[in-house]
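**Student:** Dumping the structure here so I can ask a few things about it.
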Ligand code: KG4
Ligand code: ZN
């Protein structure tokens with residue numbers, strides 16, 4: 001099967017073709033520069049940019065991979081959660097192609113796809129914990145199979161990446177600031193500023209990063225009054241460490257609650273963070289367990305994770321009719337796959 005994947009949930013337009021788990025080609029257009037002047041993603045602008053670029057990216061994908069249009073026999077698009085206008089651009093493009101090629105269509109859960117991207121480079125094992133940490137989401141799942149995700153916890157307010165991006169902006173770093181914070185933190189002392197690891201005095205597996213975000217923004221503004229240059233590495237290290245501790249502690253508790261699990265998968269843009277990777281890797285190593293995360297390029301929003309998840313699910317018999325709705329952020333993703341039954 002050659003499966004096309006289309007990702008347009010936020011500000012990256014990503015397309016890819018996969019065949020039997022192998023990536024045949026990928027194209028990606030990041031809108032970050034267009035949104036940087038506003039300090040965050042502007043939904044109306046995002047959907048217009050997707051619409052402007054998707055056709056060109058699709059043509060480039062076919063050229064790059066040497067696949068002919070008619071050879072595509074499955075189409076997967078991000079169904080949600082995401083910005084509705086952005087989702088609609090990708091879904092409409094995907095449905096039109098599926099109708100034209102008379103092939104299977106499937107709408108993909110963006111968060112599940114992030115974690116399943118681990119499977120592009122290695123065989124996944126279940127049960128496992130799956131953590132998504134990005135600019136818009138921080139969620140933790142129990143996974144009992146490619147199609148069996150149980151959410152154990154989520155952020156009640158801001159995502160980890162949002163705290164990085166807004167605190168970074170207050171410290172004078174360009175949007176999105178996560179990567180710069182990661183690099184600066186490597187040179188800093190994480191104990192210098194007392195930024196508390198948030199939302200640990202409770203017995204659930206949820207997260208909350210809005211308090212930490214406000215504390216870090218306030219601290220950055222204070223420090224900038226005296227010129228922040230020299231404090232920046234310590235500020236970044238302290239903020240990064242607070243985020244790491246909050247995430248690692250909830251993962252540790254999730255493992256205690258699920259004693260049959262000793263594997264942790266992490267994905268999403270914030271999964272690119274070196275301190276977080278090292279912290280979680282060390283947590284799992286100490287337990288004699290396994291930690292894995294996709295290569296950095298596939299941690300960010302991309303088309304390959306959607307194509308990959310699509311191929312797996314379609315091979316399991318799942319699909320959607322063309323009337324499947326896009327699901328914006330904040331609305332529960334329906335579990336409404338259609339299922340083909342295979343006859344031997
Ligand atoms: O998954 P993603 O590309 O888009 C979504 O939000 O869905 O994630 C983008 C987020 C941004 O908040 C960005 O600052 C953060 O990932 N990020 C990082 C790093 N690289 C990207 N955060 C911390 N450390 C990094 N190395
Ligand atoms: Zn994402």
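No lab work stands behind these numbers, since they all come straight from the coordinates. Predicted model only: the values in this text are computed from it and were never measured. No Cβ is skipped: glycine too gets one built from the backbone with ideal geometry, and neighbour counts run over all protein chains shown.
**Student:** Could you tell me whether segment 36-176 comes out rounded, prolate or oblate from its Cα gyration tensor? Rule is a ≥ b ≥ c as square roots of the eigenvalues, rounded for a/c under 1.5, then prolate if a/b exceeds b/c, otherwise oblate.
**Tutor:** Taking the square roots of the gyration eigenvalues as a ≥ b ≥ c, segment 36-176 is oblate.
**Student:** Let me ask another. With springs only between Cα atoms under 10 Å, which of 265, 141, 318 fluctuates most in a Gaussian network model of the chain?
**Tutor:** Top of the fluctuation ranking is 318.
**Student:** Using alpha carbons only, how many degrees (0 to 90, rounded to 10) separate the axis of helix 210-225 from the longest principal axis of the chain?
**Tutor:** Once rounded, the angle reads 50 degrees.
**Student:** Another question, if that's okay. Simple spin-label model, 7 Å along Cα-to-Cβ: residue 336 to residue 64 in nm?
**Tutor:** 3.3 nm
**Student:** Hey, another quick one. Between 0 and 90 degrees, rounded to the nearest ten: what's the tilt of helix 43-65 against the longest Cα principal axis of the chain?
**Tutor:** 60 degrees
**Student:** Using 1/(1 + (r/R0)^6) with R0 = 51 angstrom and r between the beta carbons of residue 262 and residue 321, what's the FRET efficiency to the nearest 0.05?
**Tutor:** 0.85
**Student:** Something else now. What residue among 69, 280, 212 shows peak mean-square fluctuation when the chain is described by a Gaussian network model with Cα springs under 10 Å?
**Tutor:** Evaluated over the chain, the most mobile residue of the options is 69.
**Student:** State the volume of the convex hull built on the alpha-carbon positions of segment 187-309, expressed per residue in Å³ and rounded to an integer.
**Tutor:** Cα convex hull per residue, to the nearest whole number: 138 Å³.
**Student:** Where does each of 282, 238, 92 land when they are ranked from fewest to most other beta-carbon atoms within 10 angstrom?
**Tutor:** The fewest-first ordering by Cβ neighbours comes to 282, 92, 238.
**Student:** Based only on other Cβ atoms within 10 Å, what is the fewest-to-most ordering of 195, 111?
**Tutor:** 195, 111
**Student:** Enter the angle in degrees (range 0 to 90, nearest 10) between the Cα long axis of helix 274-286 and the first principal axis of the Cα atoms of the chain, meaning the one along which they spread out most.
**Tutor:** Result, in degrees: 90.
**Student:** Normalised by the number of residues in segment 1-114, what is the relative contact order in percent for Cα pairs under 8 Å and 6+ residues apart?
**Tutor:** After rounding, I find 31 percent.
**Student:** Restricting things to alpha carbons, find the Rg to Rh ratio for the chain using the Kirkwood radius for Rh.
**Tutor:** Values: Rg = 20.1 Å, Rh = 20.5 Å.
Value, to two decimals: 0.98.
**Student:** I need to check one value: relative contact order of segment 136-292, counting alpha carbon pairs closer than 8 Å and at least 6 residues apart, in percent.
**Tutor:** RCO, segment 136-292: 24 percent.
**Student:** Which percent, nearest 5, of DSSP beta bridges in the chain are antiparallel?
**Tutor:** Numbers: 28 of 46 bridges.
Beta bridges within the chain, antiparallel portion: roughly 60 percent.
**Student:** Follow-up question, since we're still on this one. Whole Å is fine, so just give me how far the alpha carbon centre of segment 1-59 lies from that of segment 169-201.
**Tutor:** Cα centres, segment 1-59 to segment 169-201: 28 Å.
**Student:** Using all C-alpha to C-alpha distances in segment 207-254, build P(r) with 10 Å bins and read off the rounded percent in each one.
**Tutor:** Whole-percent P(r) values from 0 Å outward: 24, 46, 22, 7, 0.
**Student:** List 213, 332 from most exposed to least, where exposure is judged by having the fewest other Cβ atoms within 10 Å.
**Tutor:** Lowest count first: 332, 213.
**Student:** For the chain, what is the relative contact order in percent, using Cα pairs closer than 8 Å and at least 6 residues apart in sequence?
**Tutor:** 24 percent
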